[in-house]
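Here's the structure, in structure tokens; my notes come after.
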Ligand SMILES: Nc1ncnc2c1ncn2[C@@H]1O[C@H](COP(=O)(O)OP(=O)(O)OP(=O)(O)O)[C@@H](O)[C@H]1O
């Protein structure tokens, strides 16, 4: 891998993805730099989740190339599960498993470890996301929304992946819990040198934790850069998104 390739965690070129007659992603290109938190915004139904799911190989592409950590996507073989951790929008913990068993699930699926070592890893991951060892024996139904997201995050980090995919991580959280979760993501990115790819509508997250923001419209990335640059974008959809009435109100309150 050369030094140039080494700068990027994810490289997407000319990606086309569709379902039947519908084209969702239309020759989309995007680079995610190693170690950055990239926020992705776009209209509802615009293809943000489809892009994320295509990168991780859950949706087939019609054409285009995807590289993850310098390797063509799909060529990871057994290593794929350790290349990324994923936090889906619904958090989706297994309701019949305890917190400890949920966090251990990827370990069981991918590695052969003693129960003792798995227990140690589970507690370490829970502490990393701000939970206590006592929480390990709880069931998902006993957790608050914020705790559920933290357990899902601990599970996403179980295999020490270099890349973390987050699909609307603060949705459903109150503003305090959302702010705490954002701060946690930032701390983890710094301490673990993670690359984070985050789909979000949360203007506070975009402003406070994302190093860069990419805007998806008409199946393409139409603007990308630090939030202050996106706010200057002349693209009609980007202007409407950030300078519409609701956004203006929020930005005013954030000043
Ligand atoms: N498995 C699928 N089969 C058929 N169509 C799909 C499938 N997955 C997504 N789509 C379609 O692709 C388009 C993009 O959906 P996607 O979920 O990526 O939007 P999104 O930008 O994530 O929206 P939101 O912000 O509302 O979550 C939608 O029209 C959706 O109906």
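The values are calculated or read from the model by the stated rules, or taken from the named source; none is laboratory data. Bear in mind the structure is a predicted one, so any value in this text is a computation, not a measurement. Backbone-built Cβ (ideal geometry, glycine too); neighbour counts: all protein chains shown.
Within segment 229-249, being modelled with pLDDT under 90, assigned to a helix (DSSP H, G or I) and either over 26 Å from the mean Cα position of the chain (by Cα) or surrounded by fewer than 14 Cβ atoms within 10 Å (Cβ to Cβ) (or both) holds for 243, 245, 246, 248, 249. When you look at residue 28, is it within 16 Å of the ligand (Cβ to nearest atom), surrounded by 14 or more Cβ atoms within 10 Å (Cβ to Cβ) and over 18 Å from residue 210 (Cβ atoms), yes or no? Yes; evaluated as a whole, the condition is true for this residue. For residue 77, the conditions (1) surrounded by 15 or more Cβ atoms within 10 Å (Cβ to Cβ); (2) at pLDDT below 95 all hold with the exception of (1). Within segment 202-211, the presence of at least one residue that is under 14 Å from residue 39 (Cα atoms) and free of Cβ contacts under 8 Å to residues at least 40 places away in the same chain is confirmed. Residue 120 meets all of the listed conditions (1) within 27 Å of residue 49 (Cα to Cα); (2) without any contact (Cβ under 8 Å) to a residue 60 or more places away in the chain but one, namely (1).
If we scan segment 171-194, do we find a residue that is in contact with a helix residue (DSSP H, G or I) (Cβ under 9 Å, 6 or more places away or on another chain), under 22 Å from residue 28 (Cβ atoms) and not assigned by TED's automatic domain parsing to the domain that holds residue 106? No, that holds for no residue. Quick check on segment 38-59: of everything there that is in contact (Cβ under 8 Å) with a residue 12 or more places away in the chain and in a loop (DSSP other than H, G, I, E, B), which residue is surrounded by the most Cβ atoms within 10 Å (Cβ to Cβ)? Once the filter is applied, the top-ranked residue is 47. Under the condition of being surrounded by fewer than 21 Cβ atoms within 10 Å (Cβ to Cβ), within 14 Å of the ligand (Cβ to nearest atom) and more than 18 Å from residue 172 (Cα to Cα), the residues counted in segment 201-220 number 3. Determine if segment 87-94 includes at least one residue that is surrounded by fewer than 16 Cβ atoms within 10 Å (Cβ to Cβ) and either in a helix (DSSP H, G or I) or within 14 Å of the ligand (Cβ to nearest atom) (or both). There is at least one residue in segment 87-94 that is surrounded by fewer than 16 Cβ atoms within 10 Å (Cβ to Cβ) and either in a helix (DSSP H, G or I) or within 14 Å of the ligand (Cβ to nearest atom) (or both).
Scanning segment 5-37 for residues that are in a loop (DSSP other than H, G, I, E, B) and under 26 Å from residue 85 (Cβ atoms) gives 34, 35, 36.
For residue 41, the conditions (1) more than 13 Å from the ligand (Cβ to nearest atom); (2) within 28 Å of residue 90 (Cβ to Cβ) all hold with the exception of (1).
Residues that are closer than 17 Å to residue 132 by Cα, part of a helix (DSSP H, G or I) and over 13 Å from the mean Cα position of the chain (by Cα) within segment 150-180 comprise 150, 151, 154, 155, 177, 180, listed in sequence order.
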